[in-house]
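To start, the structure itself, in structure tokens.
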Amino acid sequence: MTPLLKVDNLNKTFITTAGLANGKKQRLQAVNNLSFALIEGETLGLVGESGCGKSTTGRLILRLLEADSGEVFYKGENLLKISRSRLRPLRREMQMIFQDPFSSLNPRMRIGDILSEPFKIHKPLAATDLKRELKNLLEVVGLSVEHLDRYPHEFSGGQRQRIGIARALAVKPNLIIADEPVSALDVSIQAQIINLLQDIQKEFKLTYLFIAHDLAVVQHICDRVAVMYLGRIVEIGPALNIYRRPLHPYTEALLNAVPIPIPGRPGRALLQGEVPSPINPPSGCPFHPRCRYAKSICETDLPPLEQQSTGHESACHFAKELDMSR
Amino acid sequence: MLQVRDLKTYFFTAKGVVKAVDGISFSIKKGETLALVGESGCGKSITALSLLRLVPPPGKIVGGQIRFNGEDLLYLSESEMRRLRGNRIAMVFQEPMTALNPVLRIGDQISEVLLQHQDISPGEARDASIKLLHQVGIPAPEQRIREFPHQLSGGLRQRIVIAMALACNPQLLIADEPTTALDVTIQAQIMELLGRLQQQRQMATLLITHDLGVVAESAQQVAIMYAGLIVESASVAQLFAAPGHPYTRGLLASLPRLGEKRDRLSPIDGQVPSPLESHTGCPFLPRCPDVIPICSSRYPQLQETEPGQHVRCWRAE
Ligand SMILES: Nc1ncnc2c1ncn2[C@@H]1O[C@H](COP(=O)(O)OP(=O)(O)OP(=O)(O)O)[C@@H](O)[C@H]1O
Ligand SMILES: Nc1ncnc2c1ncn2[C@@H]1O[C@H](COP(=O)(O)OP(=O)(O)O)[C@@H](O)[C@H]1O
Ligand code: SF4
Ligand SMILES: [Mg+2]
Ligand SMILES: [Mg+2]
């Protein structure tokens with residue numbers, strides 16, 4: 001099967017002075033030799049602690065940010081090599097949904113205008129056709145035509161996320177990159193939006209790259225999951241397999257950290273240490289300072305991302321020996 | 001230790017009266033953690049601020065009692081309250097930077113709390129600060145006391161805030177979403193730390209959270225809030241085994257769970273209510289799947305359905 005999207009050896013380094021008392025410039029490799037593929041119609045989750053490079057990856061794919069090196073193939077075409085004018089029609093097929101729907105909606109525009117904009121850019125329509133399209137869109141996301149004249153601040157967080165989804169759907173995309181789309185929502189509303197995302201995926205045959213830090217949400221909505229650590233994928237595989245038998249100690253640690261809504265469960269091994277910074281990453285396996293299985297080889301040799309079983313890859317020297325089943 | 005009776009805190013805004021907290025009652029025993037759970041805007045933080053008498057204007061506590069060790073805090077003078085805050089009652093907020101002074105060294109901030117409430121010398125305060133930082137798991141505290149808050153990660157900052165909160169051995173700790181801004185790995189560390197310190201010191205703790213996983217792991221008692229009211233209170237074991245209120249059942253059903261693959265989640269329909277809405281009947285009615293005629297005409301009271309479990313619902317028995 002040819003993938004809809006294929007990312008090859010993607011790299012991005014930022015020059016930054018943040019977090020340093022002396023104001024010195026430092027190189028920060030946010031995305032490090034990242035490769036993965038997205039099959040049409042699937043949902044791939046991207047998880048990991050804050051700062052591990054999830055959002056940067058999404059923005060590099062859409063060229064909201066220019067990569068240092070690497071390739072991004074969409075339907076076989078290298079997005080990083082083509083001209084801006086050739087990119088534009090392809091950008092229509094790839095839309096983004098953000099965590100904070102409020103900050104991504106212009107506060108001075110009515111919802112009707114916000115939703116008309118993508119049509120103006122990509123597909124000019126006669127007024128009556130536009131009206132019909134908007135009505136359909138609102139219905140799909142569970143809003144109504146009365147909402148068209150209102151401003152973003154008049155909506156709740158969940159409704160604003162519905163508007164963000166409607167805006168992304170307006171141009172009939174194939175691929176949606178959703179960056180923490182439900183993280184800011186209350187649980188009851190989060191469940192509504194997750195269901196909506198699943199419904200429209202079926203209806204419009206969408207492919208999702210679903211960026212999130214909530215592992216329970218990711219496992220629910222995703223077919224496959226990629227776990228990132230310090231700009232690299234350390235494990236990728238089918239969602240349920242990853243949960244039942246993680247093949248990387250970092251994945252195991254992440255899963256252990258999730259509080260489970262069942263009282264009286266025994267305590268679990270906690271991951272020690274801080275979320276690491278991509279400035280001065282550790283030698284060898286980047287996870288070794290926090291890894292409870294680390295041996296001396298881990299301090300010196302970088303473990304490659306290797307297939308361990310069909311469709312399940314891990315970058316740990318001991319992936320074959322460790323039994324981390326749950 | 002703490003007994004809250006019929007607490008009401010209203011905001012008198014240009015658009016009308018916001019009944020942020022509309023008559024809630026609960027109590028917390030020594031060494032016990034009560035989790036206060038609910039959706040955004042239901043009144044959790046205003047409850048916490050009310051206990052400390054720190055409600056911002058145009059908000060006002062308009063009724064009720066807050067008994068702390070038998071004494072009603074609503075009758076204390078402002079200077080008596082100041083002696084309690086940060087001393088016998090301490091608070092930890094979601095965003096650690098709100099509790100930290102960005103231009104003050106960490107050691108000085110902790111010392112300041114100690115010097116304010118205790119009769120000790122600056123040198124003793126410094127030693128006590130180092131000891132506290134050690135207790136909250138900060139590596140190399142002798143060096144850290146010279147650093148500024150912005151030089152630390154979010155998790156370390158929250159540990160500092162916890163150290164400050166615990167500096168004077170509070171009897172009551174109020175923690176308002178102490179880990180919401182943190183990664184799940186760091187959240188687990190902080191909750192483990194809070195639990196351990198609470199056991200050692202036998203503090204009463206009010207833990208505000210919207211995460212039912214955190215409730216199950218860290219609390220013994222739980223109160224579910226909706227639109228300024230407590231709609232269910234119970235022991236944690238009871239609540240998860242047999243939730244009595246349709247809202248509680250809805251919350252539990254809407255959670256995706258690790259290790260379970262379901263086709264669809266079961267959300268609660270509708271939206272979180274606007275704080276300006278007033279209700280004649282049950283405030284949950286517009287989202288409730290179990291409505292009967294009386295729900296729309298009268299406001300249900302909390303009633304005991306099982307020993308120790310209270311539910312505010314006409315259908316509860
Ligand atoms: N300064 C204010 N002026 C007017 N209304 C306010 C003010 N502060 C809070 N409120 C209202 O009081 C109600 C309760 O707010 P509160 O901050 O306690 O919510 P919460 O349960 O802590 O929510 P969250 O989960 O979002 O922190 C809300 O409806 C809010 O809009
Ligand atoms: N514009 C930028 N300038 C400098 N550093 C950045 C920039 N954007 C992201 N970073 C850094 O790159 C790393 C990855 O960031 P990001 O992709 O946003 O992480 P995530 O989405 O996984 O939380 C972080 O260390 C972040 O601080
Ligand atoms: S390679 Fe070594 S340090 Fe890295 S995850 Fe595996 S055991 Fe741990
Ligand atoms: Mg991000
Ligand atoms: Mg709050």
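Quick notes on this structure:
- Screening region B:224-317 for strands (runs of 3 or more DSSP E) wholly inside it with 1 or more residues that are more than 22 Å from A:Ile260 (Cβ to Cβ) and among the aliphatic types (A, V, I, L, M) returns the ranges B:229-235, B:309-311.
- For region B:15-42, the candidate set comprises residues that are near ligand 1 (Cβ under 8 Å from one of its atoms) and within 14 Å of chain A (Cβ to nearest Cβ); within that set, the residue that is nearest to B:Leu207 (Cα to Cα) is B:Gly38.
- Condition met for A:Lys6 (more than 16 Å from ligand 1 (Cβ to nearest atom), part of a loop (DSSP other than H, G, I, E, B) and not aliphatic (A, V, I, L, M)): no
- Elements of type strands (runs of 3 or more DSSP E) in region A:213-326, at least 3 residues being in contact (Cβ under 8 Å) with a residue 12 or more places away in the chain and either buried (at least 20 other Cβ atoms within 10 Å of the Cβ) or touching a Gly at 6+ places or on another chain (Cβ under 6 Å) (or both): A:224-229, A:232-238, A:312-314
- Scanning region B:5-39 for residues that are in contact with a helix residue (DSSP H, G or I) (Cβ under 7 Å, 6 or more places away or on another chain) and either modelled with pLDDT under 95 or β-branched (Val, Ile, Thr) (or both) gives B:Thr9, B:Ala20, B:Val21, B:Ile24, B:Thr33, B:Val37, B:Gly38, B:Glu39.
- Only listed residue being touching a residue at least 12 places away in the same chain (Cβ under 8 Å) and closer than 19 Å to B:Ser25 by Cα, chosen from B:Gly308, B:Gly281: B:Gly308
- Spans of helices (runs of 4 or more DSSP H) in region A:95-175 with at least 2 residues more than 14 Å from chain B (Cβ to nearest Cβ) and in contact with a strand residue (DSSP E or B) (Cβ under 9 Å, 6 or more places away or on another chain): A:157-169
- Residue check, A:Ile111 buried (at least 16 other Cβ atoms within 10 Å of the Cβ) and either within 22 Å of A:Ile200 (Cβ to Cβ) or touching a residue at least 12 places away in the same chain (Cβ under 8 Å) (or both): yes
- Test for A:Asn256: is it away from ligand 1 (no atom under 16 Å from the Cβ) and either away from chain B (no Cβ under 11 Å) or within 20 Å of the chain's Cα centre (by Cα) (or both): no
- A:Leu28 vs. criteria within 30 Å of B:Leu152 (Cβ to Cβ), within 16 Å of ligand 4 (Cβ to nearest atom) and in contact with a Leu (Cβ under 7 Å, 6 or more places away or on another chain): no
- Picking from residues in region B:240-288 that are more than 8 Å from chain A (Cβ to nearest Cβ) and polar (S, T, N, Q), the one that is surrounded by the most Cβ atoms within 10 Å (Cβ to Cβ) is B:Thr248.
The values are calculated or read from the model by the stated rules, or taken from the named source; none is laboratory data. Just so it is clear, the model here is predicted, and its values are computed rather than measured. Positions of Cβ are backbone-derived with ideal geometry, glycine not excepted, and every protein chain shown enters the neighbour counts.
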